[in-house]
1. Looking at segment 68-92 only, could you name the residues that are under 18 Å from the mean Cα position of the chain (by Cα) and either modelled with pLDDT under 95 or not hydrophobic (A, V, I, L, M, F, W, C) (or both)?
2. Can you confirm whether segment 30-46 contains a residue that is of a type in the set (Asp, Glu) and either in contact with a helix residue (DSSP H, G or I) (Cβ under 9 Å, 6 or more places away or on another chain) or surrounded by fewer than 11 Cβ atoms within 10 Å (Cβ to Cβ) (or both)?
3. Identify all residues within segment 118-152 that are exposed (fewer than 10 other Cβ atoms within 10 Å of the Cβ) and hydroxyl-bearing (Ser, Thr, Tyr); write none if there are none.
4. Please specify each residue of segment 132-152 satisfying the condition of being under 19 Å from the mean Cα position of the chain (by Cα), part of a loop (DSSP other than H, G, I, E, B) and under 20 Å from Glu57 (Cβ atoms).
5. On the basis of being part of a strand (DSSP E or B), among the β-branched types (Val, Ile, Thr), more than 28 Å from Leu9 (Cα to Cα) and at pLDDT 95 or above, does Val65 make the cut?
6. Just wondering, is there one or more residues in segment 64-80 that are outside the structural domain of Ala127 (by TED's automatic domain parsing) and among the charged types (D, E, K, R)?
7. Can you find, within segment 71-112, the residue that is surrounded by the fewest Cβ atoms within 10 Å (Cβ to Cβ) among those that are of a type in the set (A, V, I, L, M, F, W, C) and in a loop (DSSP other than H, G, I, E, B)?
8. In this structure, is Lys7 under 25 Å from Ile152 (Cα atoms) and at pLDDT 95 or above?
Amino acid sequence: MDAFDKKILNILQHDSTASVSDVASQVGLSTTPCWRRIQAMEKSGIIKGRVALADPEKLNVGLTVFVTIKTNQHNPKWLSEFRKVATDFPEILEFYRMSGEVDYLLRVVVPDMKAYDGFYKRLITRASFADISSSFAMEEIKYTTALPIDYI
């Protein structure tokens, strides 16, 4: 990736709806070379997809919960089954296998505490856990989906 690709990627990470001609003019290229660069980044997997970012409050899922999970089942079969369970819950936006004292971390969005309680009860019937702990986000201070590009 050269400086043009980085600029293009930066623009698209902040606004994937920008037209190719707008992106091209912002980075100092004509439309066709800019389009080819975007296509190359999509083909190589640098650009994984383009999405619309929805407002959680307007979709009535304004409560963000970070769920830490510990298990005593450290084997591929359990993890495979838990992955399948997690895909069945649209409330789980992010799912990570962790190092340290916590085995897994989930980011969950729901409308309110009652909805979270329902989510929790459904989750614990689907998999075996040694411990689950929930932390509720009080305020979103920084949120972005744009990855840093200075390390390329």
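1. Thr68, Arg83, Lys84, Thr87, Asp88, Pro90, Glu91
2. There is no residue in segment 30-46 that is of a type in the set (Asp, Glu) and either in contact with a helix residue (DSSP H, G or I) (Cβ under 9 Å, 6 or more places away or on another chain) or surrounded by fewer than 11 Cβ atoms within 10 Å (Cβ to Cβ) (or both).
3. Thr125, Tyr143, Thr144, Thr145, Tyr151
4. Ala137, Glu139, Glu140, Ile141, Lys142, Tyr143, Thr144, Thr145
5. Yes, satisfied.
6. Among the residues of segment 64-80, not one is outside the structural domain of Ala127 (by TED's automatic domain parsing) and among the charged types (D, E, K, R), which makes the answer no.
7. Residue satisfying both the conditions and the ranking: Met98.
8. yes
The values are calculated or read from the model by the stated rules, or taken from the named source; none is laboratory data. All figures in this text were calculated on a predicted structure; none of them were measured in a lab. Note that each Cβ is placed from the backbone with ideal geometry, even for glycine, and that neighbours are counted across all protein chains shown.
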